[in-house]
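One structure below.
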Amino acid sequence: MSSTSAEPRAEPRVGAPDAGAKTPAGGRDNPIRRLLREPLLHFLLIGAVIFAVHAAVTPSVSKERLIEVTPDVRQTIVDTFKRAHEGREPGSDELARLIDLWILNEITFREALAQGLDKGDEMIRDRIVHKMRLLIFGGVQVNEPTPQELQEWYEKRRLQYDIPDLVTFIDVPFTGDAAEAESRAVLQQIEAGEEPEDVRLRAQIFPKRPRHTLVPSFGQAFVDALVALPPGEWRTLSSATGWHVVRLDGFVPGRKVPLAEVSVQAAQAWKDERRRVLAIAATRELGKAYVIRRGEP
């Protein structure tokens, strides 16, 4: 009787497919099942469910119906309180009440606009327009002018910066057909020391008036003749409006001011003017989104 040695039993390899196991689709793993086992898919599905539930219980809000206390709004409320209370920060209860008040005001404002209460009220309209203009102006960036730009701009506006001739005089005006005769008669009375009371009452005093500002009222010829008179003496002069008995009491010559003396003020004025031009252009650009009918025939 012969003995037979037992063959050692081979251990199955880790990860090797079981010979007796059946795999679908001809022994290959199903891609759909493999996908369903992915953790990333589980995460995405859970996120989608949460989003769907949130959307179902949270109705969408249009911008027109949303009143939100943003960080900027909150800071504005705090800053306003501090200015009114010598820099003191509002307490939590005070801030809550201020925010409630802001919300109530915003609700009231929105409803007023919705009901058209701003229509036909020029004061409200002007305030809203002014606020919008400030926003537009604030968004306009202006660079410093070049020396050539500033010089050319200054020469065109030199009258605003040059020191003008200053004229001080007394005027007794006369109008009508007999104006010349009346003025000469009054001049004779003044020279004789018999100045009538009504002349003193009618006399107009012009102290230190810039010479160029007199031209629109009296005419260039009158002004030129006036400043040429001997100071302190009464004379008759004609103007575009009639005749006058006048006395020149003072004349201070002006002078031209070089740009170097007022460069800072001139540069600021240049930037302000440039900012206005750009703001108007920006407003016209906004206007392209509207259909504008002027109502002209």
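Search the stretch 253-276 for residues being surrounded by 13 or more Cβ atoms within 10 Å (Cβ to Cβ) and of a type in the set (A, V, I, L, M), and hand back the single one that is nearest to A221 (Cα to Cα).
The residue in question is V257.
Yes or no: R255 over 30 Å from V199 (Cα atoms), within 44 Å of the chain's Cα centre (by Cα) and modelled with pLDDT under 95? Give the steps one after another, and end with the answer.
Working: over 30 Å from V199 (Cα atoms): yes; within 44 Å of the chain's Cα centre (by Cα): yes; modelled with pLDDT under 95: no.
No.
Does the stretch 123-131 include one or more residues that are assigned by TED's automatic domain parsing to the domain that holds E195 and outside any strand (DSSP E or B)?
Applying the first criterion (assigned by TED's automatic domain parsing to the domain that holds E195) to the stretch 123-131 yields none.
No, there is no match, as no residue in the stretch 123-131 is assigned by TED's automatic domain parsing to the domain that holds E195 and outside any strand (DSSP E or B).
With respect to A279, is the statement that it is crowded, with 16+ Cβ neighbours inside 10 Å, small (G, A, S) and out of contact with any Pro (no Cβ under 9 Å at 6 or more places or on another chain) true?
On the way: crowded, with 16+ Cβ neighbours inside 10 Å: yes; small (G, A, S): yes; out of contact with any Pro (no Cβ under 9 Å at 6 or more places or on another chain): yes.
So A279 passes the test.
I'm told A266 meets every condition in (1) over 30 Å from W153 (Cα atoms); (2) touching a residue at least 40 places away in the same chain (Cβ under 8 Å) except one. Can you identify the failing condition by its number?
(1)
What strands (runs of 3 or more DSSP E) completely inside the stretch 162-260 contain at least 3 residues that are aliphatic (A, V, I, L, M) and touching a Lys or Arg at 6+ places or on another chain (Cβ under 8 Å)?
Working: elements: 166-174, 204-210, 234-238, 243-252.
The qualifying strands (runs of 3 or more DSSP E) are 166-174, 243-252.
Quick test of your reading of the structure: V186 fulfils all but one of (1) in the same structural domain as R235 (by TED's automatic domain parsing); (2) within 27 Å of the chain's Cα centre (by Cα); (3) among the hydrophobic types (A, V, I, L, M, F, W, C). Name the failing condition by number.
(2)
Pick from A260, A240, A203, A221: which is in contact with a helix residue (DSSP H, G or I) (Cβ under 7 Å, 6 or more places away or on another chain) and among the hydrophobic types (A, V, I, L, M, F, W, C)? Even if it seems obvious, please write down each step before you answer.
On the way: A260 fails: in contact with a helix residue (DSSP H, G or I) (Cβ under 7 Å, 6 or more places away or on another chain); A203 fails: in contact with a helix residue (DSSP H, G or I) (Cβ under 7 Å, 6 or more places away or on another chain); A221 fails: in contact with a helix residue (DSSP H, G or I) (Cβ under 7 Å, 6 or more places away or on another chain).
The unique qualifying residue is A240.
Within the group F51, F137, F109, which residue is under 24 Å from the mean Cα position of the chain (by Cα), at pLDDT below 85 and either surrounded by fewer than 10 Cβ atoms within 10 Å (Cβ to Cβ) or in a helix (DSSP H, G or I) (or both)? Before the answer, list the steps.
Numbers: F51 fails: under 24 Å from the mean Cα position of the chain (by Cα); F137 fails: at pLDDT below 85.
Matching residue, one of F51, F137, F109: F109.
Out of the stretch 212-230, which residues are more than 47 Å from the chain's Cα centre (by Cα) and exposed (fewer than 12 other Cβ atoms within 10 Å of the Cβ)?
Looking only at the stretch 212-230, we keep the residues that are more than 47 Å from the chain's Cα centre (by Cα), and these are 228-230.
Scanning the stretch 212-230 gives A228, P230.
Please go through the stretch 140-156 and give me each residue that is outside any helix (DSSP H, G or I) and free of Cβ contacts under 8 Å to residues at least 24 places away in the same chain, ordered by number.
Q141, N143, T146, listed by residue number.
Does any residue in the stretch 109-130 that is among the acidic types (D, E) come within less than 8 Å, Cβ to Cβ, of a residue that is surrounded by 11 or more Cβ atoms within 10 Å (Cβ to Cβ) and part of a helix (DSSP H, G or I) six or more places away or on a different chain, and which pairs are these?
D118/A112; D118/I124; D118/R125; D118/I128
The values are calculated or read from the model by the stated rules, or taken from the named source; none is laboratory data. Only a predicted model underlies this, so the values are computations on that prediction, with no experimental measurement involved. Note that we place each Cβ from the backbone using ideal geometry, even for glycine, and neighbour counts take in every protein chain shown.
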